[in-house]
Amino acid sequence: QVQLVESGGGLVQAGDSLRLSCAASGRTFSSYTMGWFRQVPGKEREFVANSWSNAVTSYADPLKGRFTISRDNAKNTVYLQMNSLKPEDTAVYYCAATMGYTRNSDSKRYNYWGQGTQVTVSS
């Protein structure tokens with residue numbers, strides 16, 4: 001079992017940066033692909049990025065260049081650095097985990113989820 005707790009969300013202005021953190025329980029963190037997803041009311045959960053390691057990552061194409069995923073296996077933590085934020089980035093951001101390596105962006109592939117953290121970007 002893996003428990004995930006996100007933090008770092010909040011209200012920011014367009015153009016600002018924000019870093020989300022996700023702390024995971026357990027002793028096999030490095031064996032999990034960690035992902036970030038986001039969701040707005042009335043829409044499906046959307047893939048943002050995932051990480052098998054800091055050298056093996058993938059991103060949703062529209063977010064490449066603005067968002068960066070990283071992880072610290074010693075701290076059992078994955079991060080999402082978000083730069084040049086736009087109002088359309090407003091969403092609840094979820095951390096997710098799945099055992100083993102995957103580049104899969106389908107949320108159904110992930111077994112463990114955090115409770116989510118709200119990010120609101122004002123114009």
Discussion item. For region 14-21, check the following and say yes or no: at least one residue is in contact (Cβ under 8 Å) with a residue 24 or more places away in the chain, under 19 Å from Asn104 (Cβ atoms) and touching a helix residue (DSSP H, G or I) at 6+ places or on another chain (Cβ under 7 Å).
Written reply: no
Response to the item:
Among (1) farther than 17 Å from Ser107 by Cα; (2) in contact with a Gly (Cβ under 8 Å, 6 or more places away or on another chain); (3) of a type outside the set (Ser, Thr, Tyr), Val56 falls short only on (2)
Discussion item. Just to check your reading of the model, which residue among Asp106, Asp61 is under 14 Å from the mean Cα position of the chain (by Cα) and without any contact (Cβ under 8 Å) to a residue 60 or more places away in the chain?
Written reply: Asp106
Worksheet entry | Complete set of residues in region 81-118 that are within 13 Å of Glu46 (Cβ to Cβ) and in a strand (DSSP E or B) | Ala91, Val92, Tyr93, Tyr94, Ala96
Practice prompt. Taking Ser123 as meeting all but one of (1) open to solvent by 70 Å² or more (accessible area, probe 1.4 Å); (2) out of contact with any helix residue (DSSP H, G or I) (no Cβ under 7 Å at 6 or more places or on another chain); (3) more than 18 Å from Glu6 (Cβ to Cβ), write down the number of the exception.
Written response: (2)
Response to the item:
Considering residues that are open to solvent by less than 50 Å² (accessible area, probe 1.4 Å), of a type outside the set (A, V, I, L, M, F, W, C) and more than 12 Å from the chain's Cα centre (by Cα), the number found within region 21-58 is 5
Discussion item. Suppose the filter is of a type in the set (A, V, I, L, M), in contact (Cβ under 8 Å) with a residue 40 or more places away in the chain and outside any strand (DSSP E or B); does Val2 pass it?
Written reply: yes
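The values are calculated or read from the model by the stated rules, or taken from the named source; none is laboratory data. Quick caveat: nothing in here was measured; it's all calculated off a predicted structure. Cβ: placed from backbone, ideal geometry, glycine included. Neighbour counts: every protein chain shown. Keep in mind that these areas ignore ligands, DNA and RNA; they rest on the heavy atoms of the full protein, side chains included. Shrake-Rupley method; radii C 1.70, N 1.55, O 1.52, S 1.80 Å.
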